[in-house]
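Down below is the structure, laid out as structure tokens.
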Amino acid sequence: PNLQLVQKKIFIIFAKAKFLLLKIIKNLQNYNEKTSLALSIGMFDGVHFGHQSIINQLNTVAKNKNLESAILTFWPHPRIIFNPEDDLKLLNTIEEKTYFLEKHGIQHLFLQEFNEEFRNLTGEEFVKQILVEKLNVKYLIIGHDHTFGKNKSGDFALLKKMAPDFGFEVHQVEAINFQEKNISSTQIRNALTNGNVKEANEMLGYVYSVSGKVIHGKKIGRTIGYPTANMEVNSMKILPKKGAYIVDVFVKNQHLKGMLSIGTNPTVQGKNLTVEVYILDFNDEIYGEEISVNFREFLHDEIKFESLEKLIERLDEDKRLTEDFLF
């Protein structure tokens, strides 16, 4: 819980924070350093256990070979460019991803815009122009299924072929398995959309969280004894499936228990999707405040109750389960 509290505080003040260990480069055109790098490439969405394995190896290589560790990632996600109809949601905001990469010891983060010019580089052009000439990469680590360049023309075979001529080493890591499946950002997103938050948390290696500003809602909850904080969540963040969850809440430097609802409030003829959290033993006015929640346990699917009395009965039971839950 203490580590989670620290994480949430950092997320909340990120916009004002200065990263002391991590150098963030948002435009490769303005990067002219000749620092020798140990680098990995990818989206690193979620910075999950598989990513953490790559990062650990990257840091070890950097230390042993007197290099500095670096990640080259992209924004927006390439899938959003190539398949806009998919409406892809992500596990991390840029701020969250940056925090986790720094937490795991990365020294340089390159945030490359996935624009027309960049995505039209062939695999060979990417290696020559970006990895060698621009970034001075001396050691490259890639994931087990990583491809790059226009039409996925770059892969591990191309890197092995080009490495000797351009003075860098390359290593490909094996996938990490969870319940006979490779851990991936896609698997974690699927777990969340199925409400399997415990499974998602195990693959992430930390508790999945969502942050947002508290906004005004219909204030129906306070009329039935369960006033909720309505959260305005980043539209790019993936939400678990509709339903009720046990969460822990970080607000005003406090760590509290809560029960959270994702849905349209069908019992009161709601239409818009909302994220609302009832915070146990808390009565402060927090409109406009930034709060964060960690998803601990799925309680039940969204239910349309036949009456407010039935809704209250279920809320009472959810509250009892939340009170008894051990964080």
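The values are calculated or read from the model by the stated rules, or taken from the named source; none is laboratory data. In this text the structure is predicted, and so the values were computed from the model without any measurement. In this analysis, Cβ positions are derived from the backbone assuming ideal geometry, glycine residues included, and neighbour counts consider all displayed protein chains. The accessibility values were calculated without ligands, DNA or RNA, using every heavy atom of the protein model including side chains. Shrake-Rupley method; radii C 1.70, N 1.55, O 1.52, S 1.80 Å.
If you check G105, G123, which single one turns out to be more than 14 Å from L39 (Cα to Cα), touching a residue at least 12 places away in the same chain (Cβ under 8 Å) and open to solvent by less than 40 Å² (accessible area, probe 1.4 Å)?
Just a single option satisfies the conditions, and that option is G123.
Say we look at the range 55-90 and pick out the residues that are in contact with a Ser or Thr (Cβ under 6 Å, 6 or more places away or on another chain) and surrounded by fewer than 22 Cβ atoms within 10 Å (Cβ to Cβ); which of these is farthest from E133 (Cα to Cα)?
N59
Condition first: at pLDDT 95 or above, surrounded by 20 or more Cβ atoms within 10 Å (Cβ to Cβ) and not in a strand (DSSP E or B). Now tell me which residues in the range 239-274 satisfy that.
Within the range 239-274, just P240 meets the criteria.
Pull up the range 142-171, narrow it to residues that are of a type in the set (V, I, T) and buried (at least 16 other Cβ atoms within 10 Å of the Cβ), then point me to the one that is nearest to I55 (Cα to Cα).
My answer is I142.
Among the residues of the range 275-296, which ones are over 14 Å from Y226 (Cβ atoms), out of contact with any Pro (no Cβ under 8 Å at 6 or more places or on another chain) and crowded, with 17+ Cβ neighbours inside 10 Å?
Matches in the range 275-296: V275, E290, I291, S292, V293, N294, R296.
Residues of the range 297-309 being assigned to a strand (DSSP E or B) and either at pLDDT below 95 or surrounded by fewer than 14 Cβ atoms within 10 Å (Cβ to Cβ) (or both), which ones?
Those that are assigned to a strand (DSSP E or B) and either at pLDDT below 95 or surrounded by fewer than 14 Cβ atoms within 10 Å (Cβ to Cβ) (or both): H300, D301.
For the range 96-128, give me each residue that is part of a helix (DSSP H, G or I), among the β-branched types (V, I, T) and under 30 Å from Y208 (Cα atoms).
Result: T98, single match.
Would you tally the residues in the range 177-186 being surrounded by fewer than 18 Cβ atoms within 10 Å (Cβ to Cβ) and outside any strand (DSSP E or B)?
3
Confirm whether Y139 is in a loop (DSSP other than H, G, I, E, B), buried (at least 17 other Cβ atoms within 10 Å of the Cβ) and in contact with a helix residue (DSSP H, G or I) (Cβ under 9 Å, 6 or more places away or on another chain).
no
Out of (1) assigned to a helix (DSSP H, G or I); (2) open to solvent by 10 Å² or more (accessible area, probe 1.4 Å); (3) at pLDDT 95 or above, the odd one out for F11 is which?
(3)
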